[in-house]
Amino acid sequence: MKNLIRQEITVEMTHQFDVIVVGAGAAGLMCAAKAAELSSDVLLIERNERAGRKIMITGKGRCNVTNDCDAQEIIKNTKTNGRFLYSSVYSFTPYDTMELFESLGVKLKTERGNRVFPVSDKAVDIVDALVKYTKQNHVKTCNARIKKLIVEDGVLKGVEDYDGRRYYADKVVIATGGVSYPGTGSTGDGYTLAKSVGHTIIQPQPSLIPIIAEEDYCAKMMGLSLKNVTVTLWDKKKNKKIFSEIGEMLFTHFGVSGPLILSASSHMDAKRISDYEIIIDMKPALSSEQLDARILRDFSKQLNRDFINSLSELLPSKMIPVIVSLSGIEPDRKVNQIKKEERAALVNAIKNIKVTPKGFRPVKEAIITSGGVCVKEINPKTMESKLLPGLYFAGEVIDVDAYTGGFNLQIAFSTAQCAARAVCGIYE
C-alpha cells in the first residue's frame with residue numbers, strides 16, 4: 001500500500017468536520033484512525049505528500065515500534081514528565097499496540113531489550129499498516145501546511161493553511177512532532193500553533209543525539225560499527241556512573257553514535273558537557289585476567305610477529321592502530337619481547353577506550369526532541385488543552401520524551417489513542 005496523503009478530498013468552505021488532526025506521523029495517523037473508528041467525521045491534514053516519513057527512518061529503517069513491557073516500564077523509561085503519561089499509557093499499553101499491528105497484518109518480533117520490530121525489518125510496513133487503519137475507518141485526508149488556528153471569541157473553530165484555505169471543526173488535535181529531522185516535516189509548526197493561543201513552549205532540546213568527541217581517534221575509526229560492547233557514562237564531577245549498557249555503537253567523523261550512544265546522551269545535560277566521560281569496553285564478557293589469558297594465547301601463535309600485526313583475531317582492523325597507540329607499545333615491537341606490564345596496558349586500552357564529549361550534534365539530527373508544549377497546560381486524562389477547549393495534543397509535540405527502545409513511539413500511540421477517545425466523548 002502506498003502511504004500517500006494527497007489532496008484526496010475537495011474541502012468545501014462550509015464543511016464542518018467533527019475532528020481535524022494536524023500531522024500524519026505516528027501520533028497523527030493513530031489518532032485520526034481511532035477517532036474515525038469511534039464514528040467521528042475526521043480530516044487528517046499532512047504537509048508532506050507521504051505519511052509517516054519520520055517513522056520510515058526509525059530503528060535504522062526497521063522501526064522499533066514499541067517495547068514488550070508493561071505500562072509501568074514505559075513510564076519508568078520516560079525521562080521527562082513520565083507521571084503525565086499514567087492515564088494514557090495504562091489505557092493503551094504496549095500489548096495493545098502489538099495486538100493492533102498484528103490485527104493490521106504486521107507480524108512482530110521481540111529482540112534484545114524487549115524491543116519490538118516488524119518481522120520484515122521494514123519500517124514501511126508499520127507506516128502502511130497505519131495508513132491502512134485510517135482508510136479502513138474512512139479518514140479523509142488532504143495535503144496542506146497549517147498556518148494558524150481559527151479562534152473566534154475564544155472559541156476554536158478550525159484551522160487555516162498557508163494558502164488561505166479554511167478547515168472547520170470544533171475539535172483539533174495537534175500531532176506535528178518536534179523539531180528533529182526537519183526533512184521529515186518536523187519543523188516546530190505545532191509549537192507555533194500552540195503558542196499562538198497562549199501555551200507555554202518548553203525550549204526544544206535534542207534528545208537521543210550523536211555526540212561530538214574531543215579525541216581524534218574517533219575519526220580514524222569512522223564507519224566502524226561495534227556490537228556487544230559496553231558503553232559507560234560517568235559524571236566526573238560527581239564521580240558517579242550514570243549509564244552503562246551492552247549493545248551497539250558507531251564511530252563517526254565527529255565522534256560517536258549508535259543505539260548505546262543515543263541512550264547515553266539522554267542522561268546528559270548539554271550545559272554540563274565537560275563533566276562527562278564515556279568509557280567503551282570492547283570485551284565486556286571477559287575480565288581483565290581472562291582477556292590477558294586470551295592475548296597470551298594469541299601471542300603464543302605468532303611470537304616473531306610485530307605487535308601491530310598480532311591483533312587481527314582480537315580487534316577490528318580499523319581499531320588496531322588506535323589500540324596500539326593507546327597501549328603505549330611500539331608497533332614494530334616483536335610479540336615475544338612484550339612484558340607482563342605492557343600486556344596489562346594493552347588490556348586496559350581495550351577495556352577502557354575513553355571518549356570525551358565536547359558537544360551534541362545539531363537538534364535536527366536528534367532522534368526525538370525534548371521540550372515542547374508544557375504538560376501543566378494539558379489534561380493528562382484527555383490530552384485536551386487547559387487553555388482552549390477543543391484543542392488537543394498527541395505525540396512528540398508534548399514535553400515528554402523517553403530513552404531508546406520503542407518507548408517514544410509507544411508514547412505517541414498512547415497519547416494519540418487518549419486524544420482520539422476524548423474527542424469522541426469517551427473517557428476511561
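Readers should treat all values here as calculations from the given coordinates under stated rules, not as data from a laboratory. Note that the structure is a prediction, hence the values are computed from the model and not measured. Positions of Cβ are backbone-derived with ideal geometry, glycine not excepted, and every protein chain shown enters the neighbour counts.
Could you put L38, L296 in order, starting from the residue whose Cβ has the fewest other Cβ atoms within 10 Å? Mind dumping the intermediate values first?
Values: L38 17, L296 12.
Starting with the residue having the fewest Cβ neighbours, the order is L296, L38.
Have a look at the range 271-372 and give its Rg and Dmax from the Cα atoms, expressed in angstrom.
Calculated on Cα positions, Rg and Dmax stand at 17.7, 62 Å.
Identify which of K171, K351, K318 has the largest mean-square fluctuation in a Gaussian network model of the chain, with springs joining Cα atoms closer than 10 Å.
K318
Pulled fully out, how much extra length does the chain show between D275 and F254, if you take 0.36 nm times their separation in residues and subtract their Cα-Cα distance? Don't skip to the end; give the middle numbers.
Numbers: separation 21, 0.36 × 21 = 7.56 nm, distance 1.91 nm.
Using 0.36 nm per residue and subtracting the Cα-Cα distance, I get 5.7 nm.
Output the Cα-based Rg and Dmax of the range 1-147 in Å, rounding Rg to one decimal and Dmax to a whole number.
15.9, 52
How far is helix 94-103 tilted off the main Cα axis of the chain, in degrees rounded to 10, range 0 to 90?
So the helix axis and the longest Cα principal axis differ by about 70 degrees.
Provide the three semi-axes, in whole Å and in decreasing order, of the ellipsoid equivalent to the range 195-305 as defined by the square roots of 5 times the Cα gyration tensor eigenvalues. Spell out each step's value before the answer.
On the way: eigenvalues 267, 48, 30 Å².
The three semi-axes for the range 195-305 are 37, 16, 12 Å.
Could you give the distance between the Cα centres of the range 351-428 and the range 123-150, to the whole Å?
19
Exposure proxy check: V42, V119, V375 ranked by fewest other beta carbons within 10 Å? Provide the component values of the computation, followed by the final result.
Numbers: V42 30, V119 10, V375 19.
Taking fewest neighbouring Cβ atoms as first place, the list is V119, V375, V42.
List the residues whose amide H sits under 5 Å from the amide H of L108, counting only those 5 or more places along or on another chain, with H placed 1.01 Å from N in the peptide plane.
Excluding prolines and chain starts, which carry no amide H, the hits are V119.
Dipole of the range 7-94, Cα-centred, from +1 at each Lys and Arg C-beta and -1 at each Asp and Glu C-beta, to the nearest 20 debye?
Values: 10 positive and 10 negative charges, 132 e Å.
The dipole of the range 7-94 has a size of about 640 debye.
Please give me, ordered by residue number, the trypsin sites (Lys or Arg not before Pro) of the range 271-303 that lie in loop per DSSP and have at most 15 other Cβ atoms within 10 Å. Don't skip to the answer; put the middle values down first.
On the way: sites: K271, R272, R294, R297, K301; in loops: K301.
Hits after loop and neighbour filter: K301.
Starting at the first residue of the range 65-72, write each ³J(HN,Hα) from the Karplus equation 6.51 cos²θ - 1.76 cosθ + 1.60 with θ = phi - 60°, in whole Hz, x for Gly and Pro.
6, 6, 10, 6, 8, 8, 4, 4
Using Cβ contacts closer than 10 Å as the measure, can you line up M249, M56 from fewest to most? Don't jump to the answer; show the numbers that get you there.
Values: M249 24, M56 17.
The fewest-first ordering by Cβ neighbours comes to M56, M249.
Answer with one residue from S312, S385, L260: the one whose Cα lies farthest towards the positive end of the charge dipole of the chain, charges on Cβ with Lys, Arg +1 and Asp, Glu -1.
Final value for the positive-end residue is S312.
Restricting to bridges with both residues inside the chain, how much of the DSSP beta-bridge set is antiparallel, in percent to the nearest 5? Present the calculation step by step, with values, prior to reporting the outcome.
Details: 51 of 69 bridges.
If we restrict to bridges inside the chain, about 75 percent are antiparallel.
For the range 356-428, what is the charge dipole size about the Cα centre, in debye to the nearest 20, if Lys and Arg each add +1 at the Cβ and Asp and Glu each add -1 at the Cβ?
Numbers: 7 positive and 7 negative charges, 29 e Å.
In debye, rounded to 20, the range 356-428 gives about 140.
Set the bar at 23 Å for Cα to Cα. Now go through K60/K364; K147/K376; K301/K339; K147/K364; K236/K351 and name every pair that lies beyond it. Can you show the working numbers first?
Details: K60/K364 16 Å; K147/K376 25 Å; K301/K339 16 Å; K147/K364 21 Å; K236/K351 18 Å.
Correct reply: K147/K376.
Roughly what % antiparallel, to the nearest 5, for the DSSP beta bridges in the range 14-152? It would help to have the intermediate numbers written out before the result.
Values: 6 of 14 bridges.
Rounded to the nearest five, the antiparallel share is 45 percent.
Which distance in nm do the two modelled labels at S196 and K148 give, with both placed 7 Å along the Cα-to-Cβ direction?
0.6
Taking θ = phi - 60°, what integer Hz values does the Karplus form 6.51 cos²θ - 1.76 cosθ + 1.60 yield along the range 132-137, in sequence order, with x for Gly and Pro?
So the J values, rounded to whole Hz, are 4, 4, 5, 5, 4, 9.
Taking θ as phi - 60°, what are the ³J(HN,Hα) couplings along the range 208-223 by the Karplus curve (6.51, -1.76, 1.60), each to the nearest whole Hz, with x for Gly and Pro?
Once rounded to whole Hz, the list reads 6, 10, x, 10, 7, 10, 6, 6, 6, 6, 5, 5, 5, 9, 3, x.
Which residue, chosen from C142, I209, T192, occupies the Cα position most advanced towards the positive end of the dipole of the range 135-231, where the dipole is computed from +1 (Lys, Arg) and -1 (Asp, Glu) charges on Cβ about the Cα centre?
C142
Taking amide H positions as placed in the peptide plane 1.01 Å from N, state which residues far from I398 in sequence (5 or more) or on other chains have amide H under 5 Å from it.
Here the answer is V373, since their amide H atoms fall under 5 Å of that of I398.
Just to confirm my numbers, what's the Cα centroid distance between the range 34-56 and the range 217-292 in Å?
Taking the Cα centre of each part, the range 34-56 and the range 217-292 sit 38 Å apart.
About its Cα centre, what dipole magnitude does the chain give when the only charges are +1 on Lys and Arg Cβ and -1 on Asp and Glu Cβ, stated in debye to the nearest 20? Don't skip to the end; give the middle numbers.
Details: 57 positive and 50 negative charges, 194 e Å.
It works out to roughly 940 debye.
Tell me which of S327, S287, Y162 sits at the most positive position along the dipole axis of the chain, charges placed on C-beta atoms (Lys, Arg +1; Asp, Glu -1).
Of the options given, the answer is S327.
Calculated FRET efficiency, E342 and D163, Cβ-Cβ r, R0 60 Å, to nearest 0.05? The partial results should precede the final answer.
Working: r = 71 Å, r/R0 = 1.18.
That gives a FRET efficiency of 0.25.
For the range 258-323, which chymotrypsin sites (Phe, Trp or Tyr not before Pro) are both in a DSSP coil and crowded by at most 14 other Cβ atoms within 10 Å?
Working: sites: Y276, F299, F307; in loops: none.
Answer in residue order: no site qualifies.
Would you mind calculating the relative contact order of the range 286-428 from Cα pairs under 8 angstrom and at least 6 residues apart, reporting the percent as a whole number? Kindly include the intermediate steps, with their values, before the conclusion.
Working: 140 pairs, mean separation 23.8, N = 143.
The value is 17 percent.
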